[in-house]
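What follows is a set of notes on a single structure, which appears directly below.
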Amino acid sequence: MYTLGIDIGSTSSKAVIMRDGKTIVRKVLVTVGTGTSGPAQLIEKLFEDQEIQLSDIQKTIVTGYGRTSFKEADKQISELSCHARGVHFLFPSARTVIDIGGQDAKALKLNSRGMLLNFSMNDKCAAGTGRFLDVMARVLETNIEDMGSLSEQAQAAATISSVCTVFAESEVISHLSKGTGTANIIAGIHRSVAQRVSMLAVKLGIENDVVMTGGVAQNSGVVKAMEEAIKTRIKVSDYPQYTGAIGAAIYAFDEAEKEMTKRCSL
Ligand code: ADP
């Protein structure tokens, strides 16, 4: 049985098709999020090779910041629930989750069954989010994908003390004009994100295993800075940006199975 999980985020839209709620058979991403043609592009890309058709999908669940805009789904489920479910599928040993997306950051506490016990969130300010890193990448004329490897060349992380994105941007420009190396500035930016987001996890109490999810988890520099900030090793899957969509596809499988059982018992 095929089920579909869709995560419409602030900056990107993700979709995952799963077989029997156990195997990921396809995952696609478009780098546009809510309020755009992202969801339509996503569906087109998902079924372009026609191996699996839309009619093969038993159930679709949508999650993410822009979930209400996707009317074609059978059901909407919150980001927090889908994230918890996706993380538990990828790392059953996860108890603390740090998720950094395009416009928010959150920490989640899970129990051994993957149930969400508590969470803490920053969605008020761009500092400590993907947006902060996207702004800094632009100022430094670098690609967001290269920030992690560039920061590995740092000798000493530059100090970025402003919490506000606008002031931090001025600090970065000031570092550039003083001749501070790009690698050191990027390491300072990563440290600033880690210091801010780690507070969310510390507030909840850090329990092993710790897992990082969301698009920013692909940045090895932020992961390393976060490990230093919380003094704990962090696990990252090969596709952290798809965690919410994976959770949604698993919830969709549960729903489809429940319906089938009900039909059989009639
Ligand atoms: P949302 O669900 O809010 O759209 P995502 O979890 O998709 O957010 O994360 C988006 C953020 O991830 C971007 O703002 C960007 O900073 C970061 N990002 C995306 N791709 C990469 C990459 N390849 N390497 C590092 N960071 C990335």
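Bear in mind that the values in this text are calculations on the coordinates, not laboratory data. Quick caveat, the model's predicted, so the values are computed rather than measured. Cβ atoms come from the backbone with ideal geometry, glycine included; neighbour counts cover every protein chain shown.
From the list ALA156, ALA137, ALA168, the one residue that fits, being in contact with a Phe, Trp or Tyr (Cβ under 9 Å, 6 or more places away or on another chain) and either closer than 23 Å to VAL236 by Cα or not polar (S, T, N, Q) (or both), is ALA168.
Listed here are the strands (runs of 3 or more DSSP E) enclosed by the stretch 2-49 that have at least 3 residues being aliphatic (A, V, I, L, M), away from the ligand (no atom under 12 Å from the Cβ) and crowded, with 20+ Cβ neighbours inside 10 Å: 13-19.
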